[in-house]
Amino acid sequence: MIGNKLIIHFAALPSTQTESPSFCQAFILADRTYKIPMHTRLDEILIPAQEVAILKTVLGRLGDEQNLTTSFDGGTKNDEAYFTIHISNMKRHVYLLEVRYMMDDTHTAQWIRGLVKAWIEKISSERFCAACSDNTGNTLLAQQLLHQDFPHILSVANICHHLNNTSKDIVKLKFFDVPIKIIHSSLKTFSKSHPAKSALKVARHQKQTGPGLEATGKTRFVTLTLSAILVHRTLLALQQVFSTPQKFDFEYKEYFQPANHKLKAHKFKDDLE
């Protein structure tokens, strides 16, 4: 188990919180004998030391592996662009090697290639068999450049993107028109209507249905499928909401009546499954 000194790091709290009276008081309840370090010690010594130790452990493990795959991708957070490099082994264990924030750098294919190549050479290129990324121009070209540098490292497609495209094609079938309209309408109503959200929260608690509904996004994979799963999982709570008079409008409420009473509700439940 990782020591208490890293709880600040993994809770994503500012390290200065260690010196606030409220945090110190709360920590006493967890472990009265533990002396909380100053935030400067956390920032300058403890966390960097753990980072080095973890990286050393990861590189040691990967140094004993064969048929490794490196994968890389870009993203943004708080309007800052960053690039991540992962390495996975044949046991499907995935290790994050680096997160590089891109300030002045432009992430050209050559820049990506250099970033990934450094880690391949650090671990030993003979231990790698494949490189994987999405199909954008820069990352795809970077894969090809890596293959030129190391001919035995194959450039492979990201299967998640292809499966996501397949999923999007499947849900375009006319058979799913009505269920998709109901799902979209449900997500919209229960995300924007305060009475609807409140009623569902109470029903979810009573029925113990777990997480609520999530809106479909543009960048996550198979989001419509995931939303359908959540609607199905929340079905008992939704049925309870519509079993009593509501303070909000919803045009598809007949689809959420108990299945043994309404044919539409029964068919919708089958479609979700």
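Could you check segment 53-72 and list, in sequence order, the residues that are touching a helix residue (DSSP H, G or I) at 6+ places or on another chain (Cβ under 7 Å), surrounded by 13 or more Cβ atoms within 10 Å (Cβ to Cβ) and not aliphatic (A, V, I, L, M)?
Within segment 53-72, GLU65, THR70, PHE72 qualify.
If I go through segment 129-156 residue by residue, how many of them are assigned to a loop (DSSP other than H, G, I, E, B) and hydrophobic (A, V, I, L, M, F, W, C)?
2
Which numbered condition in (1) outside the structural domain of GLN239 (by TED's automatic domain parsing); (2) farther than 30 Å from LYS122 by Cα; (3) hydroxyl-bearing (Ser, Thr, Tyr) is the only one that SER185 fails?
Condition not satisfied by SER185: (1).
Filter segment 228-273 down to the residues that are more than 19 Å from LYS207 (Cα to Cα) and either hydroxyl-bearing (Ser, Thr, Tyr) or modelled with pLDDT of 75 or more (or both) and list them by number.
LYS247, PHE248, ASP249, PHE250, GLU251, TYR252, GLU254
Yes or no, residue by residue, for (1) within 30 Å of THR244 (Cα to Cα); (2) modelled with pLDDT of 85 or more; (3) surrounded by 15 or more Cβ atoms within 10 Å (Cβ to Cβ); (4) in contact with a Gly (Cβ under 9 Å, 6 or more places away or on another chain):
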{"position": "ILE112", "(1), (2), (3), (4)": "no, yes, yes, yes"}
{"position": "LYS122", "(1), (2), (3), (4)": "no, yes, no, no"}
{"position": "ASN135", "(1), (2), (3), (4)": "no, no, no, no"}
{"position": "PRO151", "(1), (2), (3), (4)": "no, yes, no, no"}
{"position": "GLY212", "(1), (2), (3), (4)": "yes, no, yes, no"}
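Being assigned to a helix (DSSP H, G or I), over 23 Å from SER125 (Cα atoms) and of a type in the set (D, E, K, R) is the filter here; which residues of segment 33-66 pass it?
The answer is ARG41, ASP43, GLU44, GLU51.
Being out of contact with any Pro (no Cβ under 8 Å at 6 or more places or on another chain) and under 20 Å from LEU97 (Cα atoms), is that true of even one residue in segment 158-173?
Yes, there is a match, as at least one residue in segment 158-173 is out of contact with any Pro (no Cβ under 8 Å at 6 or more places or on another chain) and under 20 Å from LEU97 (Cα atoms).
The values are calculated or read from the model by the stated rules, or taken from the named source; none is laboratory data. Not measured: the values here are computed from a predicted model. Methodologically, a virtual Cβ is constructed for each residue, glycine included, from the backbone with ideal geometry; neighbour enumeration extends over all protein chains shown.
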